[in-house]
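Notes follow once the structure below has been shown.
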Amino acid sequence: MASPARGSCLCGAVSFRIEGPFRGFQYCHCSRCQKRTASVGVANIFVPVEQFAWEGGEDKVKRYELPDAKYWSTCFCTECGSAVPWLSKNGKTMIVGAGSLDDDPGERPQFSVYYGSRAPWYVHVSDLEMHETLPGR
């Protein structure tokens, strides 16, 4: 079993820890995840609920349910608006956006889902010029 990985929101008001092994780790390109992140999608880790713990700020977490969604929800920090983990509707799994982690979770994504729904402007990262820091202008 991997060491616990800690995570938090941008302002630090909400913090949590997860422990592997996970149920899955995937990139999602669906339109809902694009809207949720205002980006290309999300990298979601599916953590068994017993391997997840809030370390602080659970009272700062607000949940939003999309009325017509069978599985999808979202949670965010009421202080800074950062996406934070959310409990699946069946109550068995915490969905953790990997970008909220402060530590390496010890596992890597296995695949992308809803790739056919990717944004029309999406360019695969391997096709982009790479820079270690902000390039000069």
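Given the condition basic (Lys, Arg) and under 22 Å from Ile18 (Cβ atoms), answer yes or no: does some residue in region 109-118 qualify? No. Which residues, taken from region 109-137, are surrounded by 10 or more Cβ atoms within 10 Å (Cβ to Cβ) and among the basic types (Lys, Arg)? Across region 109-137, the qualifying residue is only Arg118. Among the residues of this structure, Gly136 does not count as one that is at positive phi, assigned to a loop (DSSP other than H, G, I, E, B) and modelled with pLDDT under 95. Here Glu58 qualifies as closer than 17 Å to Arg6 by Cβ, open to solvent by 60 Å² or more (accessible area, probe 1.4 Å) and more than 15 Å from the chain's Cα centre (by Cα).
Within region 38-55, the set of residues being open to solvent by 20 Å² or more (accessible area, probe 1.4 Å) and farther than 18 Å from Cys28 by Cα comprises Val49, Glu50, Gln51, Phe52, Ala53, Trp54, Glu55. Just to be sure before I move on: is Glu19 closer than 22 Å to Ser3 by Cα and open to solvent by 60 Å² or more (accessible area, probe 1.4 Å) in the structure I sent? Considered against the rule, which asks whether it is closer than 22 Å to Ser3 by Cα and open to solvent by 60 Å² or more (accessible area, probe 1.4 Å), Glu19 comes out as no.
Restricting attention to region 62-81 and to residues that are of a type in the set (Ser, Thr, Tyr) and more than 13 Å from Arg36 (Cα to Cα), the residue that is surrounded by the most Cβ atoms within 10 Å (Cβ to Cβ) turns out to be Thr78.
The values are calculated or read from the model by the stated rules, or taken from the named source; none is laboratory data. Values in this document were obtained by computation on a predicted structure and should not be read as measured data. Quick reminder, even Gly has a Cβ in these numbers, built from the backbone with ideal geometry, and neighbours come from all protein chains shown. Each accessible area value is taken on the protein alone, full model and side chains, heavy atoms only, with ligands, DNA and RNA left out. Shrake-Rupley method; radii C 1.70, N 1.55, O 1.52, S 1.80 Å.
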